[in-house]
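Down below is the structure, laid out as C-alpha cells.
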Amino acid sequence: MITTTIGGIFERELNKLAEEIKLYPNEASIWKVTEGVKNSGGNLCLHICGNLQHFIGNVLGNTGYVRNRDKEFADKNIPVADLLNEIEATKKAVVKTLENIPDTDLDKEYTAFPAHLLGKENITKFYFLAHLIAHMDYHIGQINYHRRLT
C-alpha cells in the first residue's frame, strides 16, 4: 500500500514534468541558458529522469538502466518528443519497480547512495524515496521558473 502510494506520487509529479516541458513556447527556449540560470529546463528534465531511472529503476528494480550523469547536463537540443518519451519511460520504470517492492522492504537500509550526503549515518529505502520526491519537485520548480524566464 505504501509503495503504491509513493508510486502514485512519482507518477503525478512526472506528469507535471511533462506538462512543464509542453508549456515552453518553442523547443529552443527549453535549452536556453540566461545569466544567473545555470541549467536549462531540458537538462533538468534529463537529470530528473536519469536520477529516478538509476536510483529507483536500476538499483531497486534491476532494470539495467545505465546512468550517464554528465550527459544529462551536457546534451542539448533534444526534441520535445524525445524528452516526453524519456519522461514516460521513467514513469513506467518507477511505477513498475515500486509495484514490486513489498512495504516491508521500506525499512531496509538503502546503500546505493552515501547517507552522509543527506546528513545521516544510514538511510532506509523509505527515507531515500521521500528524498527523491523532494529532489524531483525541487527541479520541477526550477523548470517552471526557467520556463517563465524564457
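Short version: ³J(HN,Hα) in whole Hz for each residue of region 48-60, in order, from phi by Karplus 6.51 cos²θ - 1.76 cosθ + 1.60 (θ = phi - 60°), x for Gly and Pro, what are they?
4, 5, x, 4, 6, 5, 6, 6, 9, x, 7, 5, 8
Loop by DSSP (not H, G, I, E, B), at most 12 other beta-carbon atoms within 10 Å: where is the longest site-free stretch of the chain for trypsin sites (Lys or Arg not before Pro)?
109-150
With just the Cα atoms defining each centre, how far is region 1-28 from region 40-93? Give it in Å.
Centre-to-centre (Cα) distance: 13 Å.
How far, in nm, would the chain grow between Ala112 and Val37 when pulled straight, counting 0.36 nm per residue and subtracting the alpha carbon separation?
Value of the extension gain: 24.0 nm.
Under the rule of at least 5 residues apart or a separate chain, name every residue whose amide H is placed under 5 Å from the amide H of Thr124.
Tyr110
May I ask you to list the GluC sites (Glu not before Pro) in region 73-150 that are in a DSSP loop and have at most 15 other Cβ atoms within 10 Å of their Cβ?
Glu121
Are any of the pairs Lys16/Lys76; Lys71/Lys108; Lys22/Lys91 more than 25 Å apart by Cα-Cα distance, and if so, which?
Too far apart for the 25 Å limit: Lys71/Lys108.
Using the basic label-point model (7 angstrom from Cα toward the beta carbon), what is the Arg67 to Tyr138 distance in nanometres?
If labels sit at Arg67 and Tyr138, their model points lie 1.4 nm apart.
Taking 0.36 nm per residue of sequence separation and subtracting the Cα-Cα distance, how much length would be gained by fully extending the chain between Thr104 and Leu84, in nm to one decimal?
Between Thr104 and Leu84, full extension yields 3.9 nm more.
The numbers here are math on the coordinates, done by the rules we state, and not lab data. Computed from a prediction, not measured in an experiment: that's the story for all the values here. Please note: Cβ atoms are built from the backbone with ideal geometry, for glycine as well, and neighbour counts cover all protein chains shown.
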